[in-house]
Each structure stands twice: as structure tokens, then as C-alpha cells.
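The values are calculated or read from the model by the stated rules, or taken from the named source; none is laboratory data. Just so it is clear, the structure is predicted and the values come from calculations on it, not from any experiment. Counting neighbours? That spans all protein chains shown, and the Cβs are built from the backbone with ideal geometry, glycine included. The protein model used for the area step is the full one, side chains on, heavy atoms only, and it has no ligands, DNA or RNA in it. Shrake-Rupley method; radii C 1.70, N 1.55, O 1.52, S 1.80 Å.
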Amino acid sequence: MVPEAEARDVLDELQRLRARVPLLSGALAASTDGLVLAHDTPGVEAEGVAALTAAALGVSIRMTDAAGRGGFRELLVRGGSGYIATYAAGSSAVLTLLAEDRINVGRLHLEGRRSGARIGELVDAALARVERPAPARALPPRPTGTPNRALPQRPT
Amino acid sequence: MANTEASLKEAMSSIEGTTGVALVDYTSGMALGTLGGGKDFNLEVAAAGNTDVIRAKLRTMEHLGLKEEIEDILITLNSQYHLIRLLKTRGSNGLFLYLVLDASRANLAMARHQLKKIEAELEV
């Protein structure tokens with residue numbers, strides 16, 4: 001799991017993003033396996049959205065792969081009264097944004113990509129530290145030879 | 001009648017001092033086409049940002065009770081002019097042409113006149 005301090009940094013980033021972009025009604029960072037890392041989504045159940053994000057991500061990765069379009073970058077879904085946008089955030093997290101229908105989608109993309117990259121740096125750096133735990137911590141021994149990241153990896 | 005690409009090319013080549021041009025949908029903030037710009041001037045960023053400019057102006061006019069339409073918007077910087085022209089031809093509502101001019105080379109009156117002509121001929 002991502003340490004508490006980094007989770008707070010991610011939450012700060014989400015809150016700054018929401019303050020900066022008008023008509024952005026929610027933002028959440030999730031691991032690629034659907035667990036919430038940090039969220040600022042008033043009125044929406046973050047756990048459910050994170051889990052569905054992981055499901056949509058799975059399909060998206062297979063789709064970009066099948067169509068030969070490289071690794072997953074972003075996903076935009078439009079409903080009758082707003083948008084849901086998901087951006088890749090490093091190797092093991094994604095950023096999902098909930099926006100009102102009147103949002104400036106061009107701006108949503110610009111801010112979402114930038115923020116996704118920033119959150120990706122935070123999460124990847126945190127995971128790199130967790131990979132080399134301090135000897136005092138009583139963690140069960142991990143099998144050697146496999147990458148022992150806390151979050152499962154998806155092919156990118 | 002000219003398509004998007006031809007119109008952007010015409011703006012770029014026939015309007016003196018033009019360094020970048022974009023056709024933008026201000027309901028979404030995304031560009032339908034861009035030409036020029038470059039590393040130090042990202043037209044996608046400009047498209048999204050100027051969408052907010054237009055939306056703010058339209059909202060202000062609504063609050064003021066003005067039942068008018070925006071023809072164009074001129075923004076004057078130290079060394080550049082930014083010209084925004086809203087499309088009024090049938091079927092192209094919600095779009096605008098965005099023109100970046102080098103102030104030292106551009107003739108503003110001529111640029112505005114030519115952009116009006118390009119707008120009239122543009123068919124999206």
C-alpha cells in the first residue's frame with residue numbers, strides 16, 4: 001500500500017486540481033487493481049468508482065493493445081449529464097475525474113494529463129521506497145525473483 | 001466554400017504576420033484543427049483557455065441583459081495580437097477561429113477583414 005504521507009500528497013494534488021478546474025465535481029486516484037489511494041468526490045461513493053475504473057481500465061488496455069495503439073493513456077466517457085475521464089498515472093495508478101456536462105473538455109484533458117503524471121511520480125516513488133522496506137518492519141518474507149510491489153502490475 | 005484545412009492554410013498564408021491559427025469548438029474547448037504555433041506556443045492550450053474567455057463574455061452579456069452576438073474579440077499583448085472570430089455560418093454554431101499575430105508585422109484592420117472573409121467561406 002502507498003504510505004500515508006504520499007497518500008496525503010496525492011489528496012493535496014486532487015484538491016488543487018478541483019480548485020483549479022471549474023465544473024470538476026470529483027477527483028480520485030486509484031491503483032490499477034481498483035483500490036482507492038485518495039479521493040475528493042463529494043456525493044459519490046469513491047470505492048465503487050475506483051472498482052469500476054479498474055474494470056474499464058482492463059477493457060481499455062486490451063482495446064489499445066488489440067488495435068495496436070500502444071499503452072493506455074486516457075479514457076473519456078460521456079453520460080447524459082456529464083463526463084467521466086480516466087488518465088494513466090505512472091505504472092500502477094490511474095486518475096479518474098468526474099465533470100459536469102458544461103466542462104471545457106480541452107482544459108479537462110490538459111489538467112488531467114498533467115495531474116496524472118504528477119500523481120504517477122508520487123505513487124511510483126512511494127512504491128519504490130516500499131520495495132526496500134526498513135529491516136525493523138515485520139513484513140512477511142517475499143519470494144525473491146518476482147517484483148514485490150505492493151500493487152499488482154498491468155502491462156503498459 | 002473551403003474546408004477546415006484549406007481555411008487554416010489560407011489564414012496562415014494570406015494574413016500578414018500570422019504565427020498560428022486554430023478552429024475551436026467552444027462547447028468542448030477542443031480544437032478541430034490547428035496550424036502553426038510550435039514548441040513555445042501550444043495551440044491546444046490556447047484553444048482550451050480562449051474557450052473560457054468566450055464563455056465568460058457570453059455569460060457577462062447574458063447577466064447584462066444584452067441580446068447581442070459576439071462578432072470578434074481582440075486581445076492586445078506587448079508583441080502579439082490574438083484575434084477570436086465566432087463562426088456564424090449555418091451549421092457551424094459553437095465554433096471560433098483563433099488567430100495569433102505578430103504585432104510588428106500585422107495590419108490589424110486587414111487581418112480582421114481577411115479573417116471575416118475566410119470565416120464566411122468556411123464550411124465545417
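Condition check: surrounded by 13 or more Cβ atoms within 10 Å (Cβ to Cβ) and either out of contact with any Leu (no Cβ under 7 Å at 6 or more places or on another chain) or at positive phi (or both). Does B:LYS88 satisfy that? In short, yes. B:ALA56 passes every criterion in (1) open to solvent by less than 60 Å² (accessible area, probe 1.4 Å); (2) under 15 Å from the mean Cα position of the chain (by Cα); (3) within 14 Å of chain A (Cβ to nearest Cβ) apart from (2).
Restricted to the range A:11-27, and to residues that are open to solvent by less than 60 Å² (accessible area, probe 1.4 Å) and in contact with a strand residue (DSSP E or B) (Cβ under 6 Å, 6 or more places away or on another chain), which residue is farthest from B:ASP52 (Cα to Cα)? Filtering first and then ranking leaves A:LEU11.
Every condition in (1) of a type outside the set (D, E, K, R); (2) at positive phi; (3) open to solvent by less than 40 Å² (accessible area, probe 1.4 Å); (4) within 11 Å of the chain's Cα centre (by Cα) holds for A:GLY82 except the one numbered (4). When residues in the range A:1-26 are screened for being farther than 18 Å from B:ALA48 by Cβ and among the hydrophobic types (A, V, I, L, M, F, W, C), 7 of them pass. Within the range A:93-124, the set of residues being outside any helix (DSSP H, G or I), within 11 Å of another protein chain (Cβ to nearest Cβ) and β-branched (Val, Ile, Thr) comprises just one member, A:ILE103. Are any of the residues in the range B:62-70 touching a residue at least 12 places away in the same chain (Cβ under 8 Å) and either out of contact with any strand residue (DSSP E or B) (no Cβ under 9 Å at 6 or more places or on another chain) or more than 11 Å from chain A (Cβ to nearest Cβ) (or both)? Yes; the residues of the range B:62-70 include at least one that is touching a residue at least 12 places away in the same chain (Cβ under 8 Å) and either out of contact with any strand residue (DSSP E or B) (no Cβ under 9 Å at 6 or more places or on another chain) or more than 11 Å from chain A (Cβ to nearest Cβ) (or both).
Look through the range B:1-31, keep the residues that are away from chain A (no Cβ under 11 Å) and open to solvent by 70 Å² or more (accessible area, probe 1.4 Å), and return whichever of them is nearest to B:LYS117 (Cα to Cα).
Residues of the range B:1-31 that are away from chain A (no Cβ under 11 Å), as a first pass: B:1-21, B:23.
Those still in the list that are open to solvent by 70 Å² or more (accessible area, probe 1.4 Å) too: B:1, B:3, B:5, B:9, B:13, B:16.
Numbers: B:MET1: 11, B:ASN3: 14, B:GLU5: 15, B:LYS9: 14, B:SER13: 14, B:GLU16: 15 Å.
Among those that are away from chain A (no Cβ under 11 Å) and open to solvent by 70 Å² or more (accessible area, probe 1.4 Å), it is B:MET1.
Every condition in (1) assigned to a helix (DSSP H, G or I); (2) closer than 12 Å to A:VAL94 by Cα; (3) charged (D, E, K, R) is met by A:ASP33 except one, and the failing one is (1).
I'd like to check something: does the range B:65-72 contain any residue that is at negative phi, under 13 Å from the mean Cα position of the chain (by Cα) and either in a helix (DSSP H, G or I) or crowded, with 18+ Cβ neighbours inside 10 Å (or both)? No - not one qualifying residue is present in the range B:65-72.
Take A:GLU6 and tell me if it is surrounded by fewer than 18 Cβ atoms within 10 Å (Cβ to Cβ) and in a helix (DSSP H, G or I).
Criteria not met by A:GLU6.
Looking only at the range B:38-53, count every residue that is facing another protein chain (nearest Cβ under 10 Å) and within 15 Å of A:ASN104 (Cβ to Cβ) and tell me the total. Reasoning before the result, please.
Initial filter on the range B:38-53 (facing another protein chain (nearest Cβ under 10 Å)): B:42, B:44-52.
From what is left, the residues that are within 15 Å of A:ASN104 (Cβ to Cβ) are B:44-52.
Within the range B:38-53, residues that are facing another protein chain (nearest Cβ under 10 Å) and within 15 Å of A:ASN104 (Cβ to Cβ) number 9.
So that you can scan it fast, the table gives a plain yes or no per residue for (1) open to solvent by less than 10 Å² (accessible area, probe 1.4 Å); (2) in contact (Cβ under 8 Å) with a residue 40 or more places away in the chain; (3) over 21 Å from B:ALA47 (Cβ atoms):
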{"site": "A:ALA56", "(1), (2), (3)": "no, no, yes"}
{"site": "A:THR64", "(1), (2), (3)": "no, no, yes"}
{"site": "A:VAL77", "(1), (2), (3)": "no, no, yes"}
{"site": "A:TYR87", "(1), (2), (3)": "yes, no, no"}
{"site": "A:THR96", "(1), (2), (3)": "yes, yes, yes"}
{"site": "A:SER115", "(1), (2), (3)": "yes, yes, no"}
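Among the residues of the range A:98-113, those identified as in contact (Cβ under 8 Å) with a residue 60 or more places away in the chain and farther than 20 Å from A:ASP9 by Cβ are A:LEU98, A:ALA99, A:GLU100, A:ARG102, A:ILE103, A:ASN104, A:ARG107, A:LEU108.
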